[in-house]
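S.K.: This is the structure I have questions about; it appears just below.
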Amino acid sequence: MTAAPASTDQRAREVLKTVWGYGAFRGVQAEIVRTVAEGSNALVLMPTGGGKSLCYQVPSLLRDGVGVVVSPLIALMKDQVDALRQVGVRAAFLNSTLQAEGVREVEAALLAGELDLLYVAPERLLLPRTLDLLERAPVALFAIDEAHCVSQWGHDFRPEYGQLGVLPERFGHLPRVALTATADDRTRADILRVLGLQDAPQFISSFDRPNLQYRVAQKEAPKTQLLDFIRTEHPGDAGIVYCLSRKSVEETTAWLAAQGVDAVPYHAGLSPRERNHAQDRFLNEEGLVVVATVAFGMGIDKPNVRFVAHLDLPKSLEGYYQETGRAGRDGLPGTAWMVYGLADVVNVKRMLAQSDAPEAVRRVEAAKLDALLTYCEAATCRRQVLLGYFGETLAEPCGNCDVCLNPPRVRDATREAQMALSAAIRTGNRFGAAHLTDVLLGRETEKVRALGHHQLPTFGVGQGHDEKAWRGLLRQLVSLGYLAAGEHHGLSATGKARPLLKGEATLHLREDTLAPRPGKRDRVR
Ligand code: ADP
Ligand code: ZN
């Protein structure tokens, strides 16, 4: 008697184990693999790092023929293919980096049925020659990676992706699986329409990482704050500290090392050897802290990173999500910790104002920055703000972010905002936070006297609060768009400030910026 044929699930687990050496699928992976392996279409929405690749790689191995992967990331194709070959998968790619000879070899292998996976750039796929070839070759399925590129609504629109309707037209009998990490409702609708997936099952994973604790604090003495954080909460743990510049990476590393924290630097200015060395140490040692620019982290999969700290603002909430997502991959608690201050906000706003990128690009960037600052200034659950940005609703506050654990009080700051705005206006909308604070506090500095600002009605009206409080208020006013940051860090009142100044609008802000300084603030644990 022969044994009953193994179920798709069993065969999938076997492939996962024998080829990749993994013991189990993660979350919805198993269901997606079964669906696609059995010949159905699918839409997969999963955060970066969630494990999208296996969702088409395993079905490609389970089905007869080659899995054709459409990807716009030409620069990554070679690495992906090399990694697959290392585990014994017969993989190849077709893109503009190949010479004619290389193309012929891949095409021959394709027709001979000697490939399990073929990565193709969209412009290459759309060539009549490639499409004809695919019609004659044994194809198992089509995977459309970074599927949001079909949509004009995103910032990643690729015209070639817009033409992928050729797949349902000419290959309608083959399963298509579209995968992406970013898709709002409009983008999702475009993906379904262009790729003909209206009736396909959709697999939408949550972006929530419940084991990560999100925290944002005001930047005061960043290095000391960082050291304090590491010593009290993560002594001896592996972590990543992100800084904006190479210089601050070097300085922070040296400082941490001098304080007895095992730390190495990582940035694009180091030699490939030094970078590989840092990366290897991080992967193989326990409890190493890597201080890095954003250059670090792509493709790093260390499960027991216990914290990710930002000493400078990330570029966007997408970037923040990806960077903090490197903590706690093993599911155990991790901390996403960040400090930021007025100077950071002024800097990024100024860079944006001075950028000579096309108007449309600048608008998208400005919107992204606003979303990031909204997150930073949030007086409501940070996880709700973060997930909300990715189109997901978290019904209840999470209970595992600084706002939930230590709720800030919100108070009416209309009067103080009026004072600060009129200080900016009366000094000519061109001075930075330091000078405005001097004026508000009534400090007769040399600069104040030279400019005659001690004679302004605003001079000294802010003595009820201290310097830190005013800087905090100014930061929120810049973050929220009441003040714009221009050249030489100068702050100017915007149109949004007018109703506030006229008393037609009120402003409620987090109290921590204007409260009389309490004793040592409770530490969030
Ligand atoms: P994405 O494409 O969604 O960003 P990847 O497919 O690159 O994510 O997967 C991210 C990492 O997770 C990879 O290192 C991958 O090997 C690993 N991974 C994915 N699924 C599993 C699994 N079931 N078991 C163990 N590791 C996994
Ligand atoms: Zn929360």
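S.K.: Return the distance in nm (one decimal) between the two label points of a simple spin-label model at ILE74 and ALA379, each offset 7 Å from Cα along Cα→Cβ.
M.R.: Each label point is offset 7 Å from its Cα along the Cβ direction, giving 5.1 nm.
S.K.: Within 12 Å, Cβ to Cβ, of SER206, how many net charges do the neighbouring residues add up to if Lys/Arg are +1 and Asp/Glu are -1?
M.R.: Overall, the nearby charge balance is 0.
S.K.: Taking 0.36 nm per residue of separation and subtracting the Cα-Cα distance, what length does fully extending HIS277 through GLU105 add?
M.R.: 58.4 nm
S.K.: Where Lys and Arg each count +1 and Asp and Glu each count -1, what net charge lies around GLY113 among other residues with Cβ under 13 Å from its Cβ?
M.R.: My count for the surroundings of GLY113 gives -1.
S.K.: Do me a favour and compute the ellipsoid semi-axes for the chain from its Cα gyration tensor, root of five times each eigenvalue, largest one first, whole Å.
M.R.: 50, 26, 21
S.K.: Compute the distance in nm between two label points, each set 7 Å from the Cα along the Cα-to-Cβ direction, one at ARG90 and one at LEU332.
M.R.: 4.2
S.K.: Taking the Cα centroid of the stretch 50-125 and of the stretch 330-371, what is the distance between the two, rounded to the nearest whole Å?
M.R.: Result: 36 Å between the Cα centres.
S.K.: How charged is the neighbourhood of PRO138? Take every other residue with its Cβ under 15 Å from the Cβ of PRO138, and add Lys/Arg as +1 and Asp/Glu as -1.
M.R.: -3
S.K.: Which lysines, on any chain, are close to LYS502 with Cα under 30 Å apart, when same-chain ones fewer than 8 places away are left out?
M.R.: Qualifying lysines at Cα under 30 Å: LYS349, LYS368, LYS447, LYS468.
S.K.: Let me ask another. With a cut-off of at most 15 other beta carbons within 10 Å, and DSSP calling the residue loop, which GluC sites (Glu not before Pro) in the stretch 1-78 qualify? Please list them.
M.R.: Those satisfying the criteria are GLU38.
S.K.: If you don't mind, there's one more thing I want to ask. Going by C-beta contacts inside 10 Å, put THR35, THR224 in order with the fewest on the left.
M.R.: With the sparsest Cβ surroundings first, the list reads THR224, THR35.
S.K.: Here's another thing I want to ask about it. How much length would be gained if the chain were fully extended between LYS315 and THR232, taking 0.36 nm per residue of separation minus their Cα-Cα distance, in nm to one decimal?
M.R.: 27.1 nm is the gain from fully extending LYS315 to THR232.
S.K.: For a test of the definition: using alpha carbon positions, the gyration tensor, and the 1.5 limit on a/c, classify the stretch 116-178 as rounded, prolate or oblate.
M.R.: Prolate.
S.K.: Normalised by the residues of the chain, what does the relative contact order come to in percent, with Cα pairs under 8 Å and at least six apart?
M.R.: Computed over the chain, the figure is 11 percent.
S.K.: Show me the helices of the chain, taken as full DSSP H stretches, that run 20 Å or more along their long axis by Cα and average -1.0 or above in Kyte-Doolittle hydropathy.
M.R.: Long hydrophobic helices here: 359-376.
S.K.: How many angstrom lie between the C-alpha centres of the stretch 436-487 and the stretch 239-294?
M.R.: The stretch 436-487 and the stretch 239-294 have Cα centres spaced 38 Å from each other.
S.K.: Here is a follow-up. Express in nm, to one decimal, how much length is gained between GLN463 and GLU285 on full extension, taking 0.36 nm for each residue of separation and deducting their alpha carbon distance.
M.R.: So the chain would gain 58.9 nm between GLN463 and GLU285.
S.K.: Then there's this: Cα gyration tensor of the stretch 297-416, axes a ≥ b ≥ c as square roots of the eigenvalues: rounded (a/c below 1.5), prolate (a/b > b/c) or oblate?
M.R.: oblate
S.K.: Something else now. Calculate, for ARG170 and GLN259, the FRET efficiency according to 1/(1 + (r/R0)^6) with r their C-beta to C-beta distance and R0 51 Å; round to the nearest 0.05.
M.R.: FRET efficiency, ARG170 to GLN259: 0.20.
S.K.: Among rounded, prolate and oblate, which fits the stretch 133-239 when a ≥ b ≥ c are the square roots of the eigenvalues of its C-alpha gyration tensor, a/c under 1.5 means rounded, and a/b larger than b/c means prolate?
M.R.: It comes out prolate by the Cα gyration axes.
S.K.: Which lysines does LYS223 reach when only Cα atoms under 16 Å apart count, and residues fewer than 8 places away in its own chain are ignored?
M.R.: Within the straight-line limit of under 16 Å, LYS223 reaches these lysines: LYS247.
S.K.: Cross-link candidates for LYS52: which lysines have Cα within less than 20 Å, leaving aside residues fewer than 8 places away along the same chain?
M.R.: LYS17, LYS78, LYS302
Quick note: the coordinates plus some simple rules give every number you see, no bench work behind them. All values reported here derive from a predicted model rather than from experimental measurement. Ideal geometry is used to build each Cβ from the backbone, glycine not excepted, and the neighbour counts take in all protein chains shown.
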